[in-house]
1. Find all pairs meeting these conditions: Cβ atoms under 8 angstrom apart; at least six residues apart or on different chains; first residue within the stretch B:27-39 and surrounded by 14 or more Cβ atoms within 10 Å (Cβ to Cβ); second residue in a strand (DSSP E or B) and at pLDDT below 90.
2. Scanning for something out of contact with any Ser or Thr (no Cβ under 9 Å at 6 or more places or on another chain), of a type outside the set (A, V, I, L, M), crowded, with 18+ Cβ neighbours inside 10 Å and more than 13 Å from chain A (Cβ to nearest Cβ), does the stretch B:96-115 turn up at least one residue?
3. Only one of these conditions is not met by residue B:72: (1) farther than 24 Å from residue B:448 by Cβ; (2) within 14 Å of chain A (Cβ to nearest Cβ); (3) not β-branched (Val, Ile, Thr). Which number is it?
4. What is the number of the single condition among (1) at pLDDT 90 or above; (2) within 26 Å of the chain's Cα centre (by Cα) that residue B:26 does not meet?
5. Residue A:206: without any contact (Cβ under 8 Å) to a residue 12 or more places away in the chain and more than 7 Å from chain B (Cβ to nearest Cβ), yes or no?
6. Got a sec? Which of B:282, B:304 is surrounded by fewer than 20 Cβ atoms within 10 Å (Cβ to Cβ), in the same structural domain as residue B:458 (by TED's automatic domain parsing) and not in a loop (DSSP other than H, G, I, E, B)?
7. Taking the options A:268, A:261, A:275, A:246, name whichever one is within 14 Å of the chain's Cα centre (by Cα) and surrounded by fewer than 23 Cβ atoms within 10 Å (Cβ to Cβ).
8. Look at residue A:293 and say whether it is within 14 Å of the chain's Cα centre (by Cα), part of a loop (DSSP other than H, G, I, E, B) and at negative phi.
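The values are calculated or read from the model by the stated rules, or taken from the named source; none is laboratory data. Remember, predicted model here, so these are calculated numbers, not experimental data. Cβ: placed from backbone, ideal geometry, glycine included. Neighbour counts: every protein chain shown.
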Amino acid sequence: MAEAKPVDRSDATASAEDATRRLQRRIRMTQALLPVVLLLMLLGFAAAEPRVLSFGNLANVLQQASYLFVFALAQMCVIVTRGFDLSLGTNVSAVSVLSALTLTGLVGAEGNGVAVAIFAGLLVGLGFGALVGVFNGLVVAWLRVNPFIATLGSLNICLGVASMASDGRPVFNVPDAFSQIFYSGTILGVEMPIIYAAVIGIAMALMFSRTVLGRSLFLIGSNPRAAEVAGLPTRRYLTAAYVLAGALAAFGSLMLTARTGSGEPNLGGGLRLVGESIAAAVIGGVSLRGGVGGVEAALIGALFITVLSNGMNLVRVDGYIQMIVLGAVLIGAIFLDRFRRT
Amino acid sequence: MMDGASGPAVAVERTAPAATAGPRLLELTGITKRFPGVVALDRVDFDLRPGEVHVLFGENGAGKSTLINIIAGTFPADEGSYVYDGREIRRLTPHQAREIGISPVFQEFSLVPDLTVVENLFLGRERTSFGFLSAAAMRQRAEEVIAELGFDLNPRAKIRELSRAHQQMVEIAKALLAEVRLLILDEPTASLTESETSKLFELIERLRGQGVGIIYVSHRMREIKQLADRITVLRDGKLVKTLDSQGVTENELVELMTGRKIDVLFPKIDHRPGEVGLKVQGLTTANHTVEDVDFVARAGEVTGVAGLVGCGKSELIRAIYGLEPLSAGTIEVFGQPMHHITPRKSLDRGVCYFPSDRVVEGLALTRPIRENASMAALDLPQFARLKILRQVSERRAIQEIVDRLRLRPPNIERVVQNLSGGNRQKVMLARGLTRETRLFLFDEPTVGIDVGAKIEVYELMKQLVEAGAAIVLVSSELPEVLHLSNRVYVMHRAHVVAELSGAEMTEQNVLASFFEGDRSIERKKRAQA
């Protein structure tokens with residue numbers, strides 16, 4: 001062994017770990033360059049299909065992203081506390097059905113009482129969403145059940161509620177006024193979904209940076225034991241995070257219901273919306289290990305996923321292949337998160 | 001693969017051509033390592049002879065961890081040469097490092113909580129026959145290593161069930177499982193008891209005799225005196241001096257380390273015991289880590305609690321703060337009885353607890369200093385009104401406290417993760433200054449922090465006590481408790497076995513009371529039976 005030449009041994013085993021290290025560095029850079037990556041992706045699709053960059057399509061992307069942004073914000077509320085919400089998708093379905101039933105039930109034959117009906121529909125929808133959140137929060141914070149199992153349970157409960165209330169059929173005849181308020185109307189030429197997303201985004205940004213609740217959610221997610229030792233009412237705040245997530249999901253559901261014009265028992269599509277919302281939040285930089293994130297992360301993540309699916313649609317990627325791609329993106333996002341801070 | 005790594009350490013040493021390679025096992029020259037924004041190591045030279053204990057000494061942030069991480073292959077140096085056993089090594093990985101006989105034991109454990117001791121020892125190098133794990137062979141080898149180390153460790157226990165001290169033993173056993181030529185020990189005794197420590201030292205002697213080179217990081221003067229052949233002092237990423245340990249004095253080392261003259265480590269505290277701040281009677285915790293303890297702490301004095309690791313002293317103050325469920329006993333804080341204590345209630349009554357494990361229980365590492373410092377005070381009107389944060393007021397208040405604690409650099413927006421041990425402790429202590437606190441409970445306040453920061457922590461305690469606060473100081477460092485306290489309770493096996501004050505406060509008396517304690521606890525048990 002003594003006469004071995006004085007160079008480093010082993011490129012085989014060494015290079016594997018070296019490569020990981022290089023990869024980590026590169027990934028951290030990608031994070032900062034995410035807007036650039038987004039732009040490149042857009043240009044890439046545009047090269048294959050010029051319509052991607054048309055004004056109409058960009059406006060469409062923005063509108064589409066509004067929904068996902070709201071759902072990603074919902075998801076972020078719990079992800080920063082080291083949790084996540086699998087019940088988001090079926091919660092959306094149940095809210096859609098319940099609020100549509102309320103709307104159609106209260107509107108008279110001649111279309112009178114629309115204002116009252118819309119108000120009641122809004123209340124029922126948000127109320128149910130918040131209730132799901134209360135349930136999730138109590139189970140996670142007080143019974144100390146793992147968020148995966150807790151929200152998997154409520155996923156099924158919401159699915160049951162949605163199917164039972166609707167008999168598995170869409171609820172038609174949602175009043176036009178409702179669709180106008182939550183979808184087709186405009187303010188100063190800006191479409192309503194974008195307006196709602198912006199308002200919610202600003203409200204959540206303020207919540208996270210300016211309120212004791214927002215601050216505490218980050219602290220709890222960063223180190224739950226330390227938060228407890230510092231006297232924070234961790235269980236109450238944790239519950240609040242799930243309630244917020246449920247209510248935001250419900251609002252997103254109302255926006256979607258207004259777009260389809262009917263209450264859809266499969267609006268949230270089981271786990272598709274859950275996957276997209278988690279992927280959006282995580283790609284943007286919300287860490288699944290808690291304590292790190294921001295509204296801007298949810299925004300850029302939502303844009304990323306939307307541009308991706310919109311581009312795939314326009315270049316006519318097969319729908320099933322799109323599902324595979326989105327699944328891979330979710331896994332990729334979690335891989336990114338694992339490497340981002342090590 | 002390097003063939004030398006497979007042979008036993010001793011044999012390798014004998015066959016190594018001493019003439020050409022020189023008596024150096026490791027020779028680092030001009031090592032420089034930059035991290036974003038800092039030069040962690042600046043042209044540092046370091047060498048290690050076979051059969052030598054070389055102590056690395058320096059404040060936190062001086063570059064010790066960076067240096068041992070480079071040696072262990074965690075990350076590469078940016079510049080400089082790394083010669084191991086006579087050959088230049090480049091792009092070393094942790095895995096390769098182990099293969100060529102470099103075994104690090106870091107302070108942060110790398111154990112899997114849900115696996116057993118044996119499974120952890122062989123993690124990533126499981127022994128198999130025909131593709132199946134040879135559980136029996138692995139268990140046998142594990143038992144051998146543990147027995148050789150003289151550790152009281154059950155190989156089948158899950159890591160999760162073990163105390164920190166026992167986890168430390170597993171780490172050490174893990175490092176010694178394969179053939180070792182260069183052993184790195186990063187503050188290995190921080191959580192060991194006296195007897196475990198002495199076993200570790202015996203082991204170090206044995207390894208030294210076998211020609212293993214040992215790099216030993218420690219702040220503890222007694223250990224350094226006992227073990228070191230040579231000492232290398234680092235400061236701010238630069239090599240200050242490498243010196244023979246013969247005839248080195250403590251003050252000399254501290255001066256080299258801090259770059260300033262330090263006359264006394266412990267400040268003279270002017271104790272003026274007054275009102276009773278804390279009165280505990282017949283306290284027993286639900287898990288019986290504390291049994292039937294009576295305890296009094298007064299305003300204006302430091303009340304020490306001494307004892308070995310695991311004696312229940314830490315659990316005592318945790319119970320007082322509301323972190324351990326009680327099964328019996330009463331607690332009064334400034335004359336007011338406390339029931340169903342929670343951290344929230346304690347903080348409201350002016351009680352603040354500083355946990356010993358800052359990473360696990362103290363700090364939200366991914367959040368900035370400001371948020372960590374104000375964490376326990378978000379209910380105060382100064383920090384939030386109607387649950388809306390008052391950012392300007394918060395920033396001003398925290399900046400003031402951080403300046404008072406001399407946190408360096410004083411940028412309160414830095415993420416805590418990037419701070420050194422001493423600075424992290426200051427962020428923790430800041431929490432006690434954000435609200436009106438009358439009773440401070442310190443749990444091992446100087447574990448893992450450098451001498452400079454230690455002195456500042458002591459200085460803060462002095463200020464607090466002289467301003468009329470009550471302080472309870474729990475520490476496994478005997479000199480610390482004895483020098484700073486006005487009175488000392490000695491705990492042993494969940495009981496208070498002695499209360500010492502004045503001239504009685506000596507190390508001998510504390511140690512003697514352990515033995516007497518053993519006897520009286522046995523007597524009590526027999527009487528009960």
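1. B:32/B:39; B:33/B:39; B:33/B:40; B:34/B:40
2. yes
3. Evaluating residue B:72 over (1) farther than 24 Å from residue B:448 by Cβ; (2) within 14 Å of chain A (Cβ to nearest Cβ); (3) not β-branched (Val, Ile, Thr) leaves (1) as the failure.
4. (2)
5. yes
6. Going through B:282, B:304 in turn, the sole match is B:282.
7. Numbers: A:268 fails: surrounded by fewer than 23 Cβ atoms within 10 Å (Cβ to Cβ); A:261 fails: within 14 Å of the chain's Cα centre (by Cα); A:246 fails: surrounded by fewer than 23 Cβ atoms within 10 Å (Cβ to Cβ).
Answer to the selection: A:275.
8. Spelling it out, it is not the case that residue A:293 is within 14 Å of the chain's Cα centre (by Cα), part of a loop (DSSP other than H, G, I, E, B) and at negative phi.
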